[in-house]
Each structure stands twice: as C-alpha cells, then as structure tokens.
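Peer 1: Below are the structure tokens for one structure; questions will follow.
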Amino acid sequence: MSAFDRVPGFFVCGMIGRFGCQKGKNMSKILNNTFSIFLIFLFIISCETNTTFDIDKARSHIAQQNKKYMKFYNNGDASGVADLHVDDAIVMPPNIDLVKGKDAINKVISDEISAGATDLVFTTLDMYGNEDYVTEVGRYSLNVKDNGKIVMNDSGKYIVLWKQVSKNNWLMKADIWNSDLPIKQ
C-alpha cells in the first residue's frame with residue numbers, strides 16, 4: 001500500500017478538481033507534478049534579489065554633485081550648474097518667482113554670477129530618502145565681489161530634492177535657498 005492509497009479519495013478529488021478522481025498512477029502523477037511546480041515556485045521566490053537602499057552611497061554621489069556645482073558656479077559656468085538639474089527642475093531663489101527648466105535655471109544662475117556672486121560653499125547638515133528621491137538640508141556661504149573686491153558676504157540655508165535618474169546618478173529636482181541676512185528696511 002502506497003502513501004497515496006492512504007489519502008482519502010474526497011480530499012484528493014477536491015485538490016485535483018477537473019483532472020478526475022482516480023487512485024493509483026494518475027493521482028501519483030498529479031501529486032508529483034504539483035510538488036514539482038511547488039518546488040520550482042519556491043526556487044523562483046528564493047532567487048529574487050531584494051536590494052536595500054544605501055543612503056551612505058547616495059550621500060557620496062550627491063557630495064560629488066555638490067562639488068561640481070560649486071566648481072561650476074565659482075568658475076562662472078551657469079550652464080554647468082543647470083546641467084546638474086533634471087529637465088523639469090524647479091528652483092526657488094530668494095526674492096524672485098520660482099523658475100522651471102534648465103534654460104530658466106541657467107539664466108537665474110548666470111544673473112547671480114554676473115552680479116558678482118562667487119566663492120560658493122555648501123555644507124550638508126542632513127540627508128534622507130529612498131532609492132528614488134533624497135532630500136538634502138544644508139547651509140551655504142558665498143561672497144559678492146565687485147572688481148575682485150568683496151562687497152558683501154552672504155550665508156543661508158537650503159533644501160534640495162535629488163532624483164536618481166539612473167544608477168548612482170543624482171540630479172536636482174527642486175532647490176530652494178534663503179539668506180540669513182536681515183531684510184533691508
């Protein structure tokens with residue numbers, strides 16, 4: 001007597017449904033096929049890779065992007081700064097309306113640089129997010145120069161929303177900054 005002969009017929013009939021209800025070879029074959037399918041299913045599930053987001057790796061890549069931003073800005077390359085943004089990025093500078101898109105961002109940054117802004121330095125205070133978006137909170141400082149002479153120092157705070165556009169390639173999706181200088185009366 002096999003193990004299949006001890007299984008009640010009504011139970012096996014319920015499990016095999018439309019394949020019929022015969023004890024013996026057919027039932028053994030159906031159960032063996034079902035077991036094989038179950039093992040294949042378990043194998044497929046166990047092969048799935050679950051990657052976890054590595055915020056430290058994102059921090060490192062974003063820090064590199066910030067270094068590029070500072071280099072472009074301090075060398076007067078507004079186009080280079082604009083290229084660190086996604087095509088539909090939004091930038092919210094102080095005291096003007098928000099701007100959208102690389103061309104508008106290029107213009108705003110170019111206007112800042114033309115007004116003498118230089119010596120930009122970013123200091124990241126916090127960064128958090130997931131594999132799609134990371135929020136960076138930080139402080140900045142810069143100088144405004146006229147004919148090489150510093151006429152104003154500025155410092156303030158910023159928030160940037162970074163978007164991962166491809167593996168380990170982060171671009172700015174939204175950016176806002178505000179000066180710590182008091183409003184002139």
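Quick note: the coordinates plus some simple rules give every number you see, no bench work behind them. Computed from a prediction, not measured in an experiment: that's the story for all the values here. Every residue, glycine among them, receives a Cβ derived from its backbone with ideal geometry; neighbour counts consider all protein chains shown.
Peer 1: I need the shape label for region 55-179. Rule: rounded when a/c is under 1.5, else prolate if a/b > b/c, else oblate, with a, b, c from the alpha carbon gyration tensor.
Peer 2: It comes out prolate by the Cα gyration axes.
Peer 1: Could you compute the net charge surrounding residue 86? Neighbours are other residues with a C-beta less than 9 Å from the C-beta of residue 86; K and R count +1, D and E count -1.
Peer 2: So the surrounding residues net to +1.
Peer 1: Now for a separate question. For the pair residue 178/residue 74, report the inter-label distance in nm, with labels modelled 7 Å from Cα in the Cβ direction.
Peer 2: The two pseudo-label positions are separated by 2.7 nm.
Peer 1: Now for a separate question. Hey, with R₀ at 35 Å, roughly what FRET efficiency would residue 166 and residue 29 work out to, going by the Cβ-Cβ distance, to 0.05?
Peer 2: Computed FRET efficiency for residue 166 and residue 29: 0.10.
Peer 1: Something else: Report the trypsin sites (Lys or Arg not before Pro) located in region 146-181 that are in a DSSP loop and have at most 14 other Cβ atoms inside 10 Å of their Cβ, or state none.
Peer 2: Filter output for region 146-181: 167.
Peer 1: Moving on. Could you pull out the pairs from 102/184; 68/173; 57/163 whose alpha carbons sit more than 19 Å apart here?
Peer 2: 102/184
Peer 1: Taking 0.36 nm per residue of separation and subtracting the Cα-Cα distance, what length does fully extending residue 149 through residue 53 add?
Peer 2: Taking residue 149 through residue 53 to full extension adds about 30.0 nm, to one decimal.
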